[in-house]
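Novice: Can you keep this structure in mind? I'll have questions shortly.
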Amino acid sequence: AYPDTVEGSMLLFTKNGMVKRTATADFRVRGKRIAAIGLKEKDALLRVLPADARSILLVTEQGMSIRFAADSVPETGRAASGVLGVKLEPKDQVLFAEQVDDEGELITISDRGFGKRSFLFDYEVQGRNGKGVKTFDFKKNGTNGTRLAYVGVVTEPFSLLVLQRHGTST
C-alpha cells in the first residue's frame, strides 16, 4: 500500500543499528524526491515496515540479537536519523530487522552452512540501545562460520534446503 492510503507510521531500519518511526502522513508531499531518513556516513537503509504493536527483533551478522518494544521508538520527522536500536561491535552490522510476537521460530544460518532454530518466546523484550544477547555462537577457529548469512522467522512449517558451495545439499 502507498503512504497516501495508509494511516499510522513506518519503521525504517539501517545496517548500523538505527531505527526510525515516521508518520506515513509525512510522506504525503508533492516533490518527486524526498529524504526518508538522515543516514550517517557508511550507513545504509536495510528495511522499511509498516509499524504495528508487536516488538522489534534485530539480529547482527556476528550473531547478536536484541528484542525491544516497538513503542520505545519515538516518532520523528522525515529527515531525522532515528534512534539507536542496537549497539554494534566494530565490523558488525544489522542483517535482520522484523516485528515479531512470541509465536514462531528464528532460523539462523552461518556462512559455513551451520544452522540453528530457536523459539521467539526465548527472546525476552528488553530496552533498546543495548548489545543484546548471543543468538548464534561462533567457534573461535571459525569451523562453524564467521558471520551469519541468513536469518528468518518461521511461523508455519516448511522445508529449507541449503546448497553448500561444494555441492552438498542439507
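Novice: Collect the residues in segment 50-72 that are modelled with pLDDT under 95 and under 13 Å from the mean Cα position of the chain (by Cα), keeping them in residue-number order.
Specialist: Result: 70, single match.
Novice: Pick from 75, 103, 89, 98: which is over 28 Å from residue 36 (Cβ atoms), at pLDDT 90 or above and not basic (Lys, Arg)?
Specialist: Exactly one of 75, 103, 89, 98 is over 28 Å from residue 36 (Cβ atoms), at pLDDT 90 or above and not basic (Lys, Arg), namely 103.
Novice: Could you give every pair whose Cβ atoms fall below 8 Å, whose first residue belongs to segment 154-169 and is under 20 Å from residue 96 (Cα atoms), and whose second residue is among the β-branched types (Val, Ile, Thr), counting only separations of at least 6 or pairs across chains?
Specialist: So the pair list comes out as 154/107; 160/107; 161/170; 162/109; 162/170.
Novice: Within the bounds of segment 135-143, is there any residue that is under 23 Å from residue 40 (Cα atoms), in contact (Cβ under 8 Å) with a residue 60 or more places away in the chain and open to solvent by 80 Å² or more (accessible area, probe 1.4 Å)?
Specialist: no
Novice: Among the residues in segment 113-135, are any of a type in the set (Gly, Ala, Ser), more than 30 Å from residue 37 (Cα to Cα) and modelled with pLDDT of 95 or more?
Specialist: Quick first cut of segment 113-135, residues of a type in the set (Gly, Ala, Ser) only: 113, 115, 118, 127, 130, 132.
Next cut, more than 30 Å from residue 37 (Cα to Cα) only: 113, 115, 118.
Next, only the ones that are modelled with pLDDT of 95 or more stay: 118.
Yes, because at least one residue in segment 113-135 is of a type in the set (Gly, Ala, Ser), more than 30 Å from residue 37 (Cα to Cα) and modelled with pLDDT of 95 or more.
Results for (1) more than 25 Å from residue 9 (Cα to Cα); (2) under 13 Å from the mean Cα position of the chain (by Cα), shown as yes or no for each residue.
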{"position": "74", "(1), (2)": "no, no"}
{"position": "84", "(1), (2)": "no, yes"}
{"position": "99", "(1), (2)": "no, yes"}
{"position": "136", "(1), (2)": "yes, no"}
{"position": "146", "(1), (2)": "yes, no"}
{"position": "156", "(1), (2)": "yes, no"}
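Novice: What single numbered condition from (1) within 24 Å of residue 131 (Cα to Cα); (2) open to solvent by 80 Å² or more (accessible area, probe 1.4 Å); (3) basic (Lys, Arg) fails to hold for residue 20?
Specialist: Here residue 20 clears every test but (2).
Novice: Which count do you get for residues in segment 144-170 that are open to solvent by less than 60 Å² (accessible area, probe 1.4 Å), within 22 Å of residue 104 (Cα to Cα) and touching a Ser or Thr at 6+ places or on another chain (Cβ under 9 Å)?
Specialist: Residues meeting the conditions: 5.
The values are calculated or read from the model by the stated rules, or taken from the named source; none is laboratory data. Please read all numbers here as calculations on a predicted model, not as lab measurements. Virtual Cβ from ideal backbone geometry, glycine too; neighbours counted across all protein chains shown. For the accessible areas, the whole protein counts, side chains as well, though only heavy atoms, and no ligand, DNA or RNA atoms are used. Shrake-Rupley method; radii C 1.70, N 1.55, O 1.52, S 1.80 Å.
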